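Visitor: A single structure is presented below for examination.
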Amino acid sequence: MKKSLLFKPIVSLKQFKRTILIMKLTTLMLFLCAFQLLATNGRAQDAVIKLKNTTLNIGELFAAIERQTNYLMVYNSEEVNLAERVSVKEKKQTVADCLNEILEENNLSYEFSNDYIILSKKDGVKVVPPVVLSEVRQTGVVTDQHGEPIIGASVLVKGTTIGTITDLNGGFTVSATKGATLEISYIGYITQEVVCTGKQLKVTLKEDTQSLDEVVVVGFGSQKKVNLTGSVSMVDDKVFASRPVSNATQMLQGTIPGLNITGGNGTSMNDANKINVRGIATIGEGSTGAPLILIDGMEGDLNSVNPQDIENVSVLKDAASSSIYGSRAPFGVILITTKSGSAGRVVVNYNNNFRWASANNLPTPMNSYEYALYLRDADANGGKASAIFTPDKIDMIKRRMEGEDLPSLLLLPDNPNRFGDGIGYGIANENHYDLTFKDNVFSHDHNFSIKGGNERVNYYVSVNYSDEKGLLRFNQESRRRITSTSKLSAKLTDWVTLKVTNRFTTQKFSEPIGKDSYKNFWKRLAMWPNNPLYDPNGNMVDGTPAAHMANEGTSTTNQKWFYQQYQIELEPIKNWKTFIDFNYRYTNTESKDVRKLFYIKAVDNKTTYLAKAASSDAYVQEERDSDYYINFNAYTQYSKTFKEKHNFKIMAGFQLEQQKLGDITARRDGLIMDTSASLDVTSGLSYDGKTVVPTVGGKYNDWAIAGFFGRLNYDYRGRYLAEVNMRYDGTSRFRKGNRWGFFPSVSLGWNIAREGFFENFVDVMGNLKLRASYGELGNQNTSGYYPTYRIVPVKVTSGNWLVNGAQPTISSEPALIDPMLTWETIKNWNFGVDISMLSNRLTGSFDYYIRDTKNMVGPAPELPDVFGFGVPKQNNTNLRTMGFELMLSWRDVKNGFSYGLTATLADSRTKITAYPNDTKSLSTYRTGQWMGEIWGFETIGIAKTDEEMNQHLASLPNGGQNNLGSKWAAGDIMYRDLDGDGKISKGEGTADAPGDMKIIGNDLPRYAFGLTLDAAWKGVDVRAFFQGVLKRDYFIESSSSDKYLSRMMWGACGTIYNSVGLANHLDYFRNAEDHELGQNLDAYYPRPLFDNKLKNQQTQTRYLEDASYVRLKNLQLGYTLPVGLVSKWGISNLRVYVSGENLFTLTKLSDTFDPETIDAGVGGLAYPISRTWSVGLNVSF
């Protein structure tokens, strides 16, 4: 197929790989050179210093040496005149040459001793380093702004591990070199540095409240928070420190209002979470609404980042803040900034995490006796006797549960050497959830980092190892990840800085292949407790989920991410900066499925049989996926202040992105040996010796986008604020004429607290800022890379006939596509207010937004069948999302006790404003619909007698409830006739004629909140984080792909083989007084039935569930050991902690479901969330 790309590929694949090799070698050389430079600066006699002038005084020379090297000058002040003017030949020379040149004529000599350059008269007394002569016993008192002593404050000699903590009176004593710098710090206060004088010091620490000068990361730069006019939220690494989670996505859940993180597909512990910003983004066919995720300015995968490397996270939520990224970010941006090096002493950090996890909320199944009675009753209510649970079998199950010595599995009547199948002949009492999931699993993480540098070169290097085990008992899942990061910043000249980042992640995940049919996996966990896991001989039995996971093979996925980033920063003129970025990412995924045949053993332990419920295929399937991504950015910015009140900043730039993807898949049947399984170790035969044609497939895709962007910021004395953004994008995903789009945004702000009339209130309210913004964006994020082209499907050897004895390759006519499909357009309004009060103790923000998504791809109006094709999709669908976000934070310190509270609340609703559904059918979207609507019947109740049901049916003279089912009796549901037509029906199934249905609820989560409480005193810190949803309705409705999708809600449905039995289903209607489980006329559930029409299980008010919840997401307790103690061990900081995750939940939702995972998995059930306890330490040297 010929593709019309935006531009031709930048380089060929061969040239591309060669370029990457050169980049890797260049990076290696840069690091070697940089560390050599660091080492050189550490040897003062060889280090090169640069002086501003050739004429200067001796004091200026000494200051330059101390500033540009790691050495201190030691001398007798009576022998050295610091004010004396001297001259040097060159501005740039080594320390040794410089000292030799100026000291000779002053009759001075020098020598290097450890970290000192010691000066002395050639004929005088040699000066002894200050470590011997100038060490003093420094005392002092540390208080807060109110004069109260601070107990337990850290007092550390800067650049060493020598230190102590303050006593009950705030006092301290520490031995230090006279003139050394002391760092005084305490949680909740700003760290202060003082000079050691030998005299009593009085240090006053100021409270570290959220400063108005806080810098927030935004698109292609950063801004002071006080000057922001767009909607941006930021959290730092303190918010999610020490949480026992495996990836950064889980750490962010509930921490930022408007950032919604929910479960993924729910089929595996390796499933990625779903992320959206501000609710539903699009319902357009083939388009996606996920936010753009940038890691240090480059698109990346959150799962590839070491969580310990993250320094802060910014979320750009409105068009004014995200429009700088254009069509790549129509629905928000998540900016991840990782840690970097800094000038100063080398800091080495090690932290770990050891954790024990268990499934948080597993359903409770019926026991075998209850299950047998339940399904027997379902058969009886349908007018027949149970073929599986006969009276004799029920009796045997009961007797065995009471302790009688009976085998768990009976023999086949006609074959004494073979056990019967577990369903028909099992009389065990198994809890398949307990058999499938472990009680506790152990995982651990380790992280090592080192950072340091000087004013010209700094670096950060980290390595992380994570070993996480899954909850499954057999063929246990495992995820091992190694992440390494290296960041280097080198100031090549006074106006040129080079930054290089390398990040490599490798992850291996394995899980049992026996649960690949996830629907059946969850269904069978709640079925057939009489089916034993082991037969009387101790061999696994067919039919249980645990047995199939243990015996059917393993699926393994190996992923590798390699990120490489280069940035050159140029500042030839003060305040004029130019940035040139080149980013490269390579991702490789290798997957292998090895499926084995599951054989069961006969009574003699020798004869084997292929398990009936197992797959009859044994094969090897391998897949290779590659992803090459390159990104080039070039942008320049200039800032200028006029008359000390008009502040301007302008930026303009260009961005280019290109991605190439490819995959190849092959499968071959007939696994010969599973110890070293590969495609070569297969026979190409089925289990019964028939030839199976191998399956081979593969494809390549690529796309590109180019964009020009600009931004203008203005503020008048921080009082009146304005920002304008512009982006002009072109994408390869659309054809000429629809390829380019212009996306502007504007935002305004007014900081009332900067007005003259507000001066008297500044002490109470330091910041009161109103914000408003409007912007337009386009969405080029389509699930297909060529949405405007018809793709002809080709199926190899798939014909239903033979040609020369073989199945031919076939093709078919693809659906018609409108070549004029173009951008979805997004219009975004945002109104906000920011406050800070009481010396920044109380801070908050509020945003209200409206987001219109227009021109989404939807179905076209129907044409007569004579047309012969489906009508091509068109840009004809619109929706509007509205909502608000609130954040309030209080932070204070009293007498050394710091505490804080942060609360977030967010809500959004989405309404479809245009959709081609003229009949207003309820089976699809329609204009005016609120997303998440649940339509259903109003329930009167369960008829307790046949007479009550007959009276109800008599009140419906025009058909009763026959549209829903027949044979109505005691124990069945009575529905209310809302339209008064004398019958219960769904009418025409439209909004205008819904029959007796009405809107009974909405299943979208409303009022998502987070609450963080923290406190610290004397090194002890405690933190609790609550998260939840305050309003949500829930009902599992049947789908076209699975009529019995709601089985976990109802229990018995359809047939006995589609039914489950959980403990809560025991509250079902029983009218027999002598029933084994007792009569139950006031039951919650109707009588069980094997009913294909599901007459009692219609969507209805009685069984609408409340899925709101509050969960203690994290609780941790930590202790930081006193500096005075750990400094004796060469340690600058040591913290130990214990942490818990998902500790308890308050909800009215049925115990069958978890409110956090009901959107994932199948029928409300997904891979369980873990309740986790962990311990760990964080130590710095």
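Visitor: Using modelled amide H (1.01 Å from N, peptide plane; none on Pro or chain starts), what sits under 5 Å from the amide H of Phe437, excluding residues fewer than 5 places away?
Guide: Long-range HN contacts for Phe437: Arg473.
Visitor: Now, a different point. Arrange Val792, Val88, Val346 by Cβ neighbour counts within 10 Å, fewest through most, would you? Spell out each step's value before the answer.
Guide: Numbers: Val792 10, Val88 17, Val346 13.
Final ranking by Cβ density, sparse to dense: Val792, Val346, Val88.
Visitor: Continuing with the same structure: How far apart, in nm, are the 7 Å Cα→Cβ label points at Phe654 and Tyr728?
Guide: Using points 7 Å along Cα→Cβ, the separation is 1.2 nm.
Visitor: Please list, short to long, the whole-number percent of alpha-carbon pairs of the stretch 134-204 in consecutive 5 angstrom bins beginning at zero.
Guide: The calculated distribution, bin by bin, is 4, 19, 33, 26, 13, 5, 1.
Visitor: While we're here: Please state the charge dipole magnitude for the stretch 763-898, taken about the Cα centre, from unit charges on C-beta atoms (+1 on K and R, -1 on D and E), reported in debye and rounded to the nearest 20.
Guide: Details: 12 positive and 12 negative charges, 74 e Å.
Rounded to the nearest 20 debye, it is 360 debye.
Visitor: Students often check this: by mean Cβ neighbours within 10 Å, which of 1045-1052, 432-439, 854-861 ranks highest, and how do the rest follow? Don't jump to the answer; show the numbers that get you there.
Guide: On the way: 1045-1052: 23.8, 432-439: 17.2, 854-861: 18.8.
My ranking of the peptides, most packed first, is 1045-1052, 854-861, 432-439.
Visitor: Something else now. Per the Kirkwood definition applied to all pairs of different Cα atoms, how many angstroms is the hydrodynamic radius of the stretch 550-694? Numbers along the way, then the final one.
Guide: On the way: mean 1/r = 0.0487 Å⁻¹.
20.5 Å is the Kirkwood radius here.
Visitor: Could you please report the charge total around Thr1152, scoring K, R as +1 and D, E as -1 over all other residues with beta-carbon less than 11 angstrom from its beta-carbon? Walk me through the intermediate numbers first.
Guide: Working: positive: Arg1047; negative: Glu1105, Asp1151, Asp1154.
Value of the local net charge: -2.
Visitor: Stretched out fully, how many nm does the piece from Leu1030 to Ile850 gain, at 0.36 nm a residue minus the Cα gap?
Guide: On the way: separation 180, 0.36 × 180 = 64.80 nm, distance 2.16 nm.
Full-extension gain reported as 62.6 nm.
Visitor: Against the longest principal axis of the chain, how steep is helix 58-68, in degrees 0 to 90 to the nearest 10, with axes from Cα atoms?
Guide: 20 degrees
Visitor: Whole-Hz Karplus ³J(HN,Hα) for the stretch 994-1003, in order, using 6.51 cos²θ - 1.76 cosθ + 1.60 and θ = phi - 60°, x for Gly and Pro?
Guide: 3J(HN,Hα) across the stretch 994-1003, in whole Hz: x, x, 9, 8, 8, 6, 10, x, 9, 9.
Visitor: Shifting gears a bit: Helix 368-381 versus the longest principal axis of the chain: what angle, 0 to 90°, nearest 10, using Cα atoms?
Guide: 50 degrees
Visitor: Right, next: Largest first, please: the extent of the C-alpha atoms of the stretch 281-354 along each principal axis, to the nearest Å.
Guide: Computed over the Cα atoms, the extents are 52, 31, 16 Å.
Visitor: Glu90 to Ala634: FRET efficiency via 1/(1 + (r/R0)^6), r the Cβ-Cβ distance, R0 30 Å, to the nearest 0.05? It would help to have the intermediate numbers written out before the result.
Guide: On the way: r = 36 Å, r/R0 = 1.20.
E between Glu90 and Ala634, to the nearest 0.05, is 0.25.
Visitor: Would you work out the charge dipole size for the stretch 134-204 about its Cα centre, treating the Cβ of every Lys and Arg as +1 and the Cβ of every Asp and Glu as -1, and quote it to the nearest 20 debye? Let's see the in-between values first.
Guide: On the way: 5 positive and 6 negative charges, 53 e Å.
The dipole of the stretch 134-204 has a size of about 260 debye.
Visitor: Next up: Rounded to the nearest 0.05, what FRET efficiency do Lys508 and Ala290 have when you use their Cβ-Cβ distance and R0 = 30 Å? Can you show the working numbers first?
Guide: Details: r = 26 Å, r/R0 = 0.85.
My answer for the efficiency is 0.70.
Visitor: Okay, moving on. I'd like to know which of Met396, Gly1124, Asn551 lies farthest towards the positive end of the charge dipole of the chain, counting +1 on Cβ of Lys and Arg and -1 on Cβ of Asp and Glu.
Guide: The listed residue farthest towards the positive side: Gly1124.
Visitor: For the stretch 134-204, what's the relative contact order in percent, using C-alpha pairs closer than 8 Å and at least 6 residues apart?
Guide: On the way: 162 pairs, mean separation 27.8, N = 71.
Once normalised by length, the contact order is 39 percent.
Visitor: Let's see if you can work this out: charge +1 on each Lys and Arg Cβ, -1 on each Asp and Glu Cβ, no other charges. What is the dipole magnitude of the chain about its Cα centre, in debye to the nearest 20? Present the calculation step by step, with values, prior to reporting the outcome.
Guide: Numbers: 128 positive and 127 negative charges, 708 e Å.
Roughly 3400 debye, rounded to the nearest 20.
Visitor: Taking the number of other C-beta atoms within 10 Å as the exposure measure, put Met974, Met882 in order starting with the fewest.
Guide: Working: Met974 20, Met882 17.
Sorted ascending by nearby Cβ count, the order is Met882, Met974.
Visitor: For a bin width of 20 Å, list the pair-distance distribution of the chain built from all Cα-Cα distances, rounded to whole %.
Guide: Pair shares across the bins are 9, 32, 35, 17, 5, 1, 0.
Visitor: Relative to the longest principal Cα axis of the chain, at what angle does helix 391-401 sit, 0 to 90 degrees, rounded to 10?
Guide: Roughly 40 degrees, rounded to the nearest 10.
Visitor: Over 18 Å, how big is the tail of the calculated P(r) for the stretch 337-470, in percent of all Cα pairs? Can you show the working numbers first?
Guide: Working: 6449 of 8911 pairs.
The calculated P(r) of the stretch 337-470 puts 72 percent of pairs beyond 18 Å.
Visitor: Another question, if that's okay. Of the listed peptides 149-156, 996-1003, 1124-1131, what is their order by residue-averaged count of other C-beta atoms within 10 Å, with the highest listed first? Write out the running numbers ahead of the final one.
Guide: Values: 149-156: 22.9, 996-1003: 18.8, 1124-1131: 15.5.
By packing density, highest mean first, the sequence is 149-156, 996-1003, 1124-1131.
Visitor: With labels modelled as points extended 7 Å from the Cα through the Cβ direction, what inter-label distance (nm, one decimal) is found for Leu1143 paired with Tyr1057?
Guide: If labels sit at Leu1143 and Tyr1057, their model points lie 4.8 nm apart.
Visitor: Provide, for q = 0.10, 0.11, 0.14 Å⁻¹, the log10 of I(q)/I(0) from a solvent-free Debye sum over equal Cα point scatterers in the stretch 775-924.
Guide: With no solvent term, the Cα-only Debye profile gives -0.65, -0.72, -0.90.
Visitor: Quick one: 3J(HN,Hα) in Hz for the stretch 754-766, Karplus 6.51/-1.76/1.60 with θ = phi - 60°, rounded, Gly and Pro as x.
Guide: Result, rounded to whole Hz: 8, 6, x, 5, 9, 4, 6, 10, 4, 4, 8, 10, x.
Visitor: Count charges around Gln559 for me, please; just the other residues with Cβ under 13 Å from its Cβ, Lys/Arg as +1, Asp/Glu as -1. Let's see the in-between values first.
Guide: Values: positive: Arg479, Arg480, Arg481, Lys508, Lys560, Arg585, Lys592, Arg624; negative: Asp301, Glu590, Glu623, Asp625, Asp627.
Within the 13 Å Cβ shell, the charges total +3.
Visitor: Got a sec? How would Leu748, Leu1115 order by Cβ neighbour count within 10 Å, fewest to most?
Guide: Ranked by crowding around the Cβ, least crowded first: Leu748, Leu1115.
Visitor: Let me ask something additional. Convert each backbone phi in the stretch 893-899 into a coupling constant with the Karplus relation 6.51 cos²θ - 1.76 cosθ + 1.60 (shift: θ = phi - 60°), then list the ³J(HN,Hα) values in order as whole Hz, x for Gly and Pro.
Guide: Result, ordered by residue: 9, 9, 6, x, 9, 9, 8 Hz.
Visitor: How high is the relative contact order of the chain, given as a whole-number percent (alpha carbon pairs under 8 Å, six or more residues apart)?
Guide: Working: 3002 pairs, mean separation 121.2, N = 1181.
Reported as a whole number, the value is 10 percent.
Taken together, the values in this text are just the output of simple stated rules run on the coordinates, not laboratory data. All of these numbers come straight from a predicted model, not from anything done at the bench. A quick note on method: Cβ atoms are made from the backbone with ideal geometry, for glycine too, and the neighbour counts reach across all protein chains shown.
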